[in-house]
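The values are calculated or read from the model by the stated rules, or taken from the named source; none is laboratory data. Keep in mind that this is a model prediction, so the values were computed, not measured. All Cβ positions, glycine included, derive from the backbone under ideal geometry; neighbour counts span all protein chains shown.
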Amino acid sequence: MLSQNQSRYLTTIGFALLALLFASDLLLKPPKELVLLAIDCLSALYFTATLFVGLKERKKGAVVASAVCLIIIIASFFI
Amino acid sequence: MKKCLLSIVSAALCLSLVMTPFVPVAAAYADEGSPAESSEIYVGDNYDENYDISLFERGRCTDSYSKAWCDSHGFANNRTVPHKVKLNVKEESCLRDPYLAGTAEVIAGLVTTGPGGGLFATAMTSCRLFTCMF
């Protein structure tokens, strides 16, 4: 697991972006495909950030989990 | 003569008493032969049987049984039948994502950023499933 400070920072940004997406979905009513794409991009962004922080902090578990999750998210784009 | 009358009345009484339990059953059998058209219900002028069924209308009687069966079993208005419904293509594709990517995201969130990350990944997966289904 990443350091507590970094974890809190990443999770707060993630939740803020998700809330922003949810609010814009309710107010602007964009097409479903765009919303789904935005959620996928958000999760890809989150795990890219955890991958970089994990590399910086030399946390093997966090790096492996982020890399596996990133591969699955990219694969789910095409399935 | 009196004896004769008495025996006829008692025989009729006995017969009526013996036959009483079978009368409703016989009436039900007689009713089954009635044409199904008589029980048809008006569903509106714009009713289209091939319309896109929303999630809340899944499991209607004619989705699983014949029209004749539905008419004869009290489902003439095609209300939903309490039973398992096979998922359609859209539902299957929407569920495939949380099964694979969603589970991976929640585990990765827990491993990388702890309980907060797990919660965030769960919220994201739920949001994706909701958007896909509705």
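Filter the stretch A:38-53 down to residues that are out of contact with any helix residue (DSSP H, G or I) (no Cβ under 7 Å at 6 or more places or on another chain) and over 16 Å from B:Ala123 (Cα atoms), then give me how many there are. Let's see the steps before the verdict.
So in the stretch A:38-53, the residues out of contact with any helix residue (DSSP H, G or I) (no Cβ under 7 Å at 6 or more places or on another chain) come out as A:41, A:45, A:52.
Filter once more, keeping what is over 16 Å from B:Ala123 (Cα atoms): A:52.
Adding up the residues that qualify gives 1.
Just one of the numbered conditions (1) at the interface with another protein chain (Cβ under 7 Å from one of its Cβ atoms); (2) farther than 19 Å from B:Met124 by Cβ is not true of A:Lys56; which one?
Here A:Lys56 clears every test but (1).
For the stretch B:34-82, what are the residues that are modelled with pLDDT of 80 or more and within 21 Å of B:Met133 (Cβ to Cβ)?
Our first condition is that a residue be modelled with pLDDT of 80 or more; within the stretch B:34-82, this holds for B:60-62, B:65-81.
Listed by number, the residues that qualify are B:Arg60, B:Thr80.
Within the stretch B:108-134, can you find the residues that are more than 7 Å from every other protein chain (Cβ to nearest Cβ), without any contact (Cβ under 8 Å) to a residue 60 or more places away in the chain and surrounded by fewer than 24 Cβ atoms within 10 Å (Cβ to Cβ)? Break it down into steps so the answer makes sense when it comes.
If we filter the stretch B:108-134 for residues that are more than 7 Å from every other protein chain (Cβ to nearest Cβ), which is where we start, we get B:109-110, B:115, B:118-119, B:121-122, B:125-126, B:129-130, B:133-134.
Of the ones still in play, those that are also without any contact (Cβ under 8 Å) to a residue 60 or more places away in the chain are B:109-110, B:115, B:118-119, B:121-122, B:125-126, B:129-130.
Hits for the stretch B:108-134 are B:Leu110, B:Pro115, B:Gly118, B:Leu119, B:Thr122, B:Thr125, B:Ser126, B:Leu129, B:Phe130.
How many residues does the stretch A:1-38 contain that are over 15 Å from A:Ala49 (Cα atoms), of a type in the set (Gly, Ala, Ser) and at the interface with chain B (Cβ under 10 Å from one of its Cβ atoms)?
So the answer is 2.
Considering only residues that are over 26 Å from the mean Cα position of the chain (by Cα) and either within 20 Å of A:Val64 (Cβ to Cβ) or at the interface with chain A (Cβ under 8 Å from one of its Cβ atoms) (or both), which ones fall in the stretch B:76-107?
B:Asp97, B:Leu100, B:Ala101, B:Gly102, B:Thr103, B:Ala104, B:Glu105, B:Val106, B:Ile107
Any chance you could count how many residues in the stretch B:66-77 are closer than 26 Å to B:Glu91 by Cα and surrounded by 16 or more Cβ atoms within 10 Å (Cβ to Cβ)? Give the derivation first.
Going residue by residue through the stretch B:66-77, those that are closer than 26 Å to B:Glu91 by Cα are B:66-67, B:70, B:75, B:77.
With the extra rule that they be surrounded by 16 or more Cβ atoms within 10 Å (Cβ to Cβ), the set shrinks to B:70, B:75.
Residues meeting the conditions: 2.
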